[in-house]
1. Determine whether segment 257-275 contains at least one residue that is over 19 Å from the mean Cα position of the chain (by Cα), of a type in the set (D, E, K, R) and buried (at least 21 other Cβ atoms within 10 Å of the Cβ).
2. Give the residues of segment 1-18 that are crowded, with 24+ Cβ neighbours inside 10 Å and in contact with a Lys or Arg (Cβ under 6 Å, 6 or more places away or on another chain), sorted by residue number.
3. When only residues in segment 19-48 that are under 30 Å from Leu236 (Cβ atoms) and modelled with pLDDT of 95 or more count, which is surrounded by the most Cβ atoms within 10 Å (Cβ to Cβ)?
4. State yes or no: is Ala305 surrounded by 24 or more Cβ atoms within 10 Å (Cβ to Cβ), more than 18 Å from His49 (Cα to Cα) and among the aliphatic types (A, V, I, L, M)?
5. Do any strands (runs of 3 or more DSSP E) entirely within segment 225-328 hold 3 or more residues that are in the same structural domain as Leu211 (by TED's automatic domain parsing) and among the small types (Gly, Ala, Ser), and if so, which?
6. Just one of the numbered conditions (1) at pLDDT below 95; (2) under 22 Å from Tyr292 (Cβ atoms); (3) β-branched (Val, Ile, Thr) is not true of Ile222; which one?
7. How about segment 181-209: which of its residues are at pLDDT below 95, in contact with a Gly (Cβ under 6 Å, 6 or more places away or on another chain) and either in a strand (DSSP E or B) or among the basic types (Lys, Arg) (or both)?
Amino acid sequence: MGYDAVVVGGGLIGAACADALAGEGMKVCLLEAGPFVRESSWAGAGILHPIHPWSYAEPLQALLRAGVAEHERAAPGLWARTGIDPEYERSGLLLMGDDRDRLASWLGDGSGAVEVRASGDDPAIRLDAPALLLPDACHVKSHRLAEAYLASAKARGADLFECRPVTALRPGAAETPGGTVKAGLTVLCAGAWSGRLRPGLLTEPVRGQILLYRGRARRMAIFPDGEYVVPRRGGLLLFGSTLEHAGFDPRPTADHCARLAGRARDLLGLDESELLAAWAGLRPGTSNAPPYIGRDPARPDLLHASGHYRNGILLAPLTARAVADLAAGREPDYDLTAFRPPAPPL
């Protein structure tokens, strides 16, 4: 059977791309090497705001701003189509430390950001110094969002196959152990594994470990050293995260979990008796490389949507819309020149 498009990778971005392409009326096949939504899309905290946006080049900063707005536009329709609640919530975000001045500059005028000087805004979060509050910042449950995109793609006629690894990409086809899947267009969304299918991509795995606690917080918060807290429904909260170059090992480790637990105790007063679970995920890319979004310079039938590093959840809806625009022959709303994938090595 032939398809208009085959999407390689069944995480959040792959699911969103499959849904967007199926929404264009294309016959779509989605292939995932393991179970759907079990890598970084499952592990992510779901903060819909970049951790340190000022550390990126201006083209990525602009894309991140647009990504925040795209989530707000896309979330209601996705929930209505599928009945799956991605737990999109406007909790606000507190930024502690000296970086709040750089964040204020990045936001510009009209952001609604205000300075908070007392812990009364959220008793669960200790303020040792003034913090900047972004009252409109949102978060989402990342795996629920991915499940909603998968359900929407299926309802629009996409064929979804998990535990179907792709071993090679050929012009007009994706090779799997079960045979060749033919398609006029291929979209590579394999996260940290994309570089194994298309040499030359900087999509090395960067492990992040996260802790789940019993506890209540009203706001999200980002602390000076990059740790964060995210409230969850049901009296739960997430605390993370590490940045580790540990290869393709997705397992949490006792030493890093202990360090995180110590930080959670120092910053939030959380006792280890309230710790419920720990897990890890593999982010795709490095802190200095932008994501790859666009057409492959060597193969016009290959589109890229990989290497989003810490911003995959934030940029998923926008990336999917850009991929759909390119597939349909339209010019995307955003300049993707800075995100063009490199030519493959000779």
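The values are calculated or read from the model by the stated rules, or taken from the named source; none is laboratory data. These numbers were taken from a predicted model, which means no experiment stands behind them. So basically every Cβ, Gly included, is an ideal-geometry build from the backbone, and we count neighbours across all protein chains shown.
1. Narrowing segment 257-275 to residues over 19 Å from the mean Cα position of the chain (by Cα): 257-275.
Restricting the remaining residues to those that are of a type in the set (D, E, K, R) gives 259, 263, 265-266, 271-272, 274.
Filter once more, so that each one left must be buried (at least 21 other Cβ atoms within 10 Å of the Cβ): none.
No, every residue in segment 257-275 fails to be over 19 Å from the mean Cα position of the chain (by Cα), of a type in the set (D, E, K, R) and buried (at least 21 other Cβ atoms within 10 Å of the Cβ).
2. So in segment 1-18, the residues crowded, with 24+ Cβ neighbours inside 10 Å come out as 5-18.
None; the set is empty.
3. Here the residue is Asp19.
4. Details: surrounded by 24 or more Cβ atoms within 10 Å (Cβ to Cβ): yes; more than 18 Å from His49 (Cα to Cα): yes; among the aliphatic types (A, V, I, L, M): yes.
Yes, satisfied.
5. Working: elements: 228-232, 236-240, 275-284, 292-295, 302-306.
The qualifying strands (runs of 3 or more DSSP E) are 275-284.
6. Condition (2) is where Ile222 drops out.
7. Once the filter is applied, which keeps residues that are at pLDDT below 95, in contact with a Gly (Cβ under 6 Å, 6 or more places away or on another chain) and either in a strand (DSSP E or B) or among the basic types (Lys, Arg) (or both), segment 181-209 yields only Gly208.
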